[in-house]
Amino acid sequence: MRRRNLIVILSVLFIGINVLLIYFGDGKVDRTFYVKDWAHTNVQDMYDNLHTRGVLDYLGDENVYFDKDKGEFQTFLVEEGDMVAAGDPLYTYQINNYYDTLTEFQSENEKLKEEIAGIESAISKMETYQIPQQTVDYRFIEDKEDEGQQTRLLETPQDSAEAELMKEQYITEKERELAEKKAQWESVQSKLEDLASGDDTVVVESPFDGRVTMISKSLDNPVMTIQPPEVHVVSELSEGERKQVTDDMAVNIELDEGKKRFEGVLSDISEYPESSSIDGNSTYPINIAFSDENDTEGLLAGYHTDVAIQLDKSINATTLDKDLAANNTVWQMTDEGTLENKVIKKGIQMDDDVEITVGLEPGDWVVEDTPNKLQSDADFITPLKWNDVKWASMFKAKQWNKGFFTGLLFH
């Protein structure tokens with residue numbers, strides 16, 4: 001009897017003590033959750049690409065003309081199929097009016113000198129301009145005036161590294177334009193020298209590099225067609241895809257043959273569909289130019305490519321496995337050894353990873369899967385995974401022995 005009474009008394013005391021603990025602890029009962037598997041966030045560059053197909057084509061034919069009012073045509077100096085460079089002689093004609101022709105060449109000479117000075121000034125200003133190290137995108141807008149060319153900057157939020165790249169591309173483009181203008185000026189100088197010597201025969205030189213694809217024996221204009229050697233990528237987009245792209249977007253190009261990779265830029269987007277109907281799909285042609293640093297020698301029209309248009313990117317993004325971020329919430333394992341339910345916002349998804357824009361930082365740990373219903377601010381324990389232990393820093397932590405031996409217990 002005494003033993004039974006003792007058991008009853010001890011049971012009542014046990015229950016009472018627990019009730020008091022719950023009451024004075026505001027009804028909270030601390031729990032410790034066992035987390036067997038977990039993952040951590042990573043840092044990587046993320047890209048949102050629009051994929052389509054393309055084919056190489058030549059940039060387009062350049063036409064050469066002959067003004068019959070200027071003189072009498074004499075002879076062609078090239079044949080169809082010939083390769084010519086800028087400045088090579090194409091044909092000759094005998095002038096009708098010496099002074100009119102002299103005035104025309106002198107006027108063209110002065111115009112070219114002004115254009116050359118304007119381009120050189122634009123290059124010089126851009127070379128000396130220092131882009132601030134901040135998140136700003138500088139788009140170079142060129143104002144063409146009679147007195148030359150001026151350059152101004154349009155600022156929009158972006159990565160300063162991109163601004164440096166755009167600056168280099170601008171300078172490269174202007175240097176190419178400068179070389180073309182100088183070649184034209186030298187040609188005009190040669191014509192003026194010929195006229196000054198009393199020669200009334202004018203040699204017309206090629207303003208382009210390329211292959212002569214047509215010569216008009218009847219002298220109907222254009223009297224000659226030259227096909228430049230440069231190629232670009234021709235593709236097309238659906239109506240929905242057309243709404244996503246803008247000029248100057250970066251493009252990755254991969255040839256079917258040899259799997260060679262190139263960089264390019266979206267250079268032209270048609271505002272008019274190639275085909276459209278009420279019940280059918282509208283398709284819009286686009287052109288993609290190769291970046292200047294690409295070696296496109298040997299590329300021929302007709303080569304097929306895979307094209308990836310870069311719609312968006314995030315450099316050094318915090319990323320997580322997309323399955324773990326599927327519900328827009330994760331259980332974070334904090335450095336204090338507690339669990340925290342985090343609401344996250346996602347950005348770019350690439351393959352099996354997704355960018356986390358809000359809620360997590362690089363290196364944060366999250367619970368992968370657990371059969372238990374977790375609680376915020378609750379403690380957690382994990383098994384000891386020998387390969388993940390940072391032995392050099394482990395013993396510097398406070399109460400390292402508690403976590404260490406708990407991990408051994410549940411390993």
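Assorted remarks:
- Here Val55 fits the description: surrounded by 13 or more Cβ atoms within 10 Å (Cβ to Cβ), farther than 30 Å from Asp199 by Cα, touching a Phe, Trp or Tyr at 6+ places or on another chain (Cβ under 9 Å) and of a type outside the set (S, T, N, Q).
- Note on region 181-199: among residues that are charged (D, E, K, R), touching a residue at least 60 places away in the same chain (Cβ under 8 Å) and surrounded by fewer than 16 Cβ atoms within 10 Å (Cβ to Cβ), the one that is nearest to Thr103 (Cα to Cα) is Glu186.
- Tally, over region 176-215, of residues that are within 25 Å of Glu79 (Cα to Cα) and small (Gly, Ala, Ser): 5
- Checking region 355-366 against the condition returns no match, with no residue being touching a Ser or Thr at 6+ places or on another chain (Cβ under 6 Å), in a strand (DSSP E or B), more than 17 Å from Gln44 (Cα to Cα) and modelled with pLDDT of 85 or more.
- Applying the set (1) in contact with a Lys or Arg (Cβ under 8 Å, 6 or more places away or on another chain); (2) touching a residue at least 40 places away in the same chain (Cβ under 8 Å); (3) of a type outside the set (S, T, N, Q); (4) farther than 13 Å from Phe290 by Cα to Ile253 leaves exactly one unmet item: (4).
- Comparison of Ile356, Ile286 shows that the only residue that is surrounded by 16 or more Cβ atoms within 10 Å (Cβ to Cβ), touching a residue at least 40 places away in the same chain (Cβ under 8 Å) and under 24 Å from Arg242 (Cα atoms) is Ile286.
- The strands (runs of 3 or more DSSP E) found entirely in region 30-116 that carry 1 or more residues being under 30 Å from Thr338 (Cα atoms) are 32-34, 37-40, 42-58.
- Matching strands (runs of 3 or more DSSP E) fully within region 190-290 where at least 2 residues are more than 23 Å from the chain's Cα centre (by Cα): 201-205, 210-215, 224-227
The values are calculated or read from the model by the stated rules, or taken from the named source; none is laboratory data. Please read all numbers here as calculations on a predicted model, not as lab measurements. Ideal geometry is used to build each Cβ from the backbone, glycine not excepted, and the neighbour counts take in all protein chains shown.
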